[in-house]
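Here, each number is a calculation from the coordinates, and none is a lab measurement. Just so it is clear, the model here is predicted, and its values are computed rather than measured. Reconstructed Cβ throughout: ideal geometry from the backbone, glycine too, with neighbour counts over all protein chains shown.
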């Protein structure tokens, strides 16, 4: 089976939506986080850093991954391909930067690790790498 980068990005974005939705329900106090024996997800997910511009960071994550998913589907279907590639790269780059900031907060300010947050950081980094490759290959193809 031959998987295209946009398809892989779609799958990673859906996993990101699921992780972010889980963290949002924890943030809203629906249940306690399962931290898999690593760190303190509750401390991270309920800290003063768990909201950005008045909204839970996990909700921003859902919105970001949903946008990434939509852009990857646009690429798969050939819809506004050049714009979709560039926006996908831009969105993933912002996601990596924000994720790096949040990881810094976890490690150096809160002194706790949330494995779900680490998983989200890995997902957005993988999406960013794939989006760079997609953009690079499209530009190389255009030059030939």
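Cα gyration tensor of the stretch 5-138, axes a ≥ b ≥ c as square roots of the eigenvalues: rounded (a/c below 1.5), prolate (a/b > b/c) or oblate? Show your work: numbers first, answer last.
Working: a/c = 2.31, a/b = 2.03, b/c = 1.14.
Prolate shape, in that a/c is at least 1.5 and a/b is the bigger ratio.
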Where labels lie 7 Å past Cα in the beta-carbon direction, separation of residue 15 and residue 111 in nm: 3.2
Using alpha-carbon coordinates, inclination of helix 115-143 to the longest axis of the chain, degrees: 10
Sites residue 97 and residue 7, calculated FRET efficiency, Cβ-Cβ separation with R0 41 Å, nearest 0.05: 0.95
Where a label projected 7 Å from the Cα of residue 138 along Cα→Cβ would reach, residues of the stretch 58-83 with amide N under 13 Å: 71-83
Rounded to 10°, Cα long-axis angle of helix 5-27 versus longest principal axis of the chain: 20
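Please give the peptides 4-14, 43-53 ranked by average Cβ packing (other Cβ atoms within 10 Å per residue), highest first, as a rough proxy for protection.
On the way: 4-14: 18.6, 43-53: 16.4.
In decreasing order of mean packing, 4-14, 43-53 become 4-14, 43-53.
Relative contact order for the chain using alpha-carbon pairs under 8 Å, separation at least 6, rounded to a whole percent?
Details: 151 pairs, mean separation 47.5, N = 144.
Relative contact order of the chain: 33 percent.
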On Cα atoms only, tilt of 57-77 relative to the major axis of the chain in degrees: 20
Approximate spin-label separation residue 34-residue 66, in nm, with each point projected 7 Å along Cα-to-Cβ: 2.5
